[in-house]
Amino acid sequence: MAERAHRVRRGVLLVLRYLSALEAVVACALLATILVLVLLQAVQRYLPAGGWVWTGELARFGLVWLTFAMAGYLMERDGHVTLKLIDYLATGVTRRLVIVFANVMVAIVCLNLAYEAYELVTRPSRQSSPAMGMPIGLLYLIPLAGLVLTTVRAVAAVFLPARPEAEGEESRG
């Protein structure tokens with residue numbers, strides 16, 4: 001029975017590792033896109049022809065998408081903005097309970113936000129972005145995916161706590 005639980009844990013951790021790699025690839029692509037679009041905007045200022053307005057709009061959307069796409073990745077790596085005071089003061093079971101409570105709260109909030117993003121994606125709307133004409137529902141697809149993945153990471157952090165030696169490495173670094 002313990003061997004089966006260990007295999008399930010390893011399988012879940014492997015899936016989460018592949019999700020991390022996919023999130024990192026998406027983030028790199030979004031960051032490169034933002035860079036190219038902003039550079040294109042700068043070059044357009046010195047050209048005699050009119051500029052492409054959609055480049056600025058897509059760069060701004062890309063920044064929003066990058067933020068949501070990286071939320072789960074940063075949460076898994078403990079790279080998100082946190083207040084670590086309780087982590088340093090509490091030890092043992094108290095520390096674990098604080099971590100579980102925080103992850104449960106993150107999961108609840110992200111699940112609610114994901115529901116709202118789903119509503120925005122699926123709600124029929126005639127609105128579109130001003131420059132590109134992109135249907136506004138498409139704007140919320142990447143935030144929806146990022147919020148769902150952050151929820152998955154928070155739930156995984158509750159049920160698959162980090163190994164004690166991994167937690168020790170984090171507090172020393």
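The values are calculated or read from the model by the stated rules, or taken from the named source; none is laboratory data. Everything numeric in this text was worked out from a predicted model, so none of it was measured. Every residue, glycine as well, gets a Cβ built from its backbone with ideal geometry; the counts of neighbours run over all protein chains shown.
For the range 108-159, which residues satisfy the criterion of being closer than 30 Å to Gly51 by Cα and among the hydroxyl-bearing types (Ser, Thr, Tyr)?
Ser125, Ser128, Ser129, Tyr140
At pLDDT 90 or above, under 24 Å from Glu23 (Cβ atoms) and touching a Pro at 6+ places or on another chain (Cβ under 9 Å): is that true of Thr67 in this structure? It would help to see each step written out before you state the result.
On the way: at pLDDT 90 or above: yes; under 24 Å from Glu23 (Cβ atoms): yes; touching a Pro at 6+ places or on another chain (Cβ under 9 Å): yes.
Yes.
Tally time: how many residues in the range 83-132 are more than 22 Å from Arg153 (Cα to Cα), β-branched (Val, Ile, Thr) and at pLDDT 90 or above?
2
From the set of residues in the range 50-66 that are in contact (Cβ under 8 Å) with a residue 40 or more places away in the chain and within 17 Å of Ala145 (Cα to Cα), which is surrounded by the fewest Cβ atoms within 10 Å (Cβ to Cβ)?
Val64
Quick one: is Trp65 more than 26 Å from Leu111 (Cβ to Cβ) and aromatic (Phe, Trp, Tyr)?
no
Does Tyr140 satisfy the condition of being modelled with pLDDT under 95 and farther than 22 Å from Val15 by Cβ?
The answer is yes for Tyr140.
Across the range 1-44, what is the number of residues that are of a type in the set (S, T, N, Q) and either within 20 Å of Thr150 (Cα to Cα) or in contact with a Cys (Cβ under 8 Å, 6 or more places away or on another chain) (or both)?
Of the residues in that region, 1 qualify.
Take the residues in the range 15-49 that are aliphatic (A, V, I, L, M) and farther than 26 Å from Trp65 by Cβ, then tell me which one is surrounded by the most Cβ atoms within 10 Å (Cβ to Cβ).
Per the criteria, the residue is Leu47.
Under 9 Å by Cβ, and 6 or more places apart or on different chains, what pairs join a residue from the range 113-135 that is surrounded by 11 or more Cβ atoms within 10 Å (Cβ to Cβ) with one that is in a loop (DSSP other than H, G, I, E, B) and charged (D, E, K, R)?
Once the first residue is surrounded by 11 or more Cβ atoms within 10 Å (Cβ to Cβ) and sits in the range 113-135, its partners that are in a loop (DSSP other than H, G, I, E, B) and charged (D, E, K, R) give Pro135/Arg126.
Filter the range 93-110 down to the residues that are hydrophobic (A, V, I, L, M, F, W, C) and surrounded by fewer than 16 Cβ atoms within 10 Å (Cβ to Cβ) and list them by number.
Correct list: Val93, Leu97, Val98, Val100, Phe101, Val104, Met105, Ile108, Val109.
Six or more apart or on different chains, Cβ atoms under 7 Å: show the pairs whose first residue is in the range 15-43 and touching a residue at least 40 places away in the same chain (Cβ under 8 Å) and within 21 Å of Tyr73 (Cα to Cα) and whose second is outside any helix (DSSP H, G or I) and of a type outside the set (Phe, Trp, Tyr).
Glu23/Met70; Ala27/Met70
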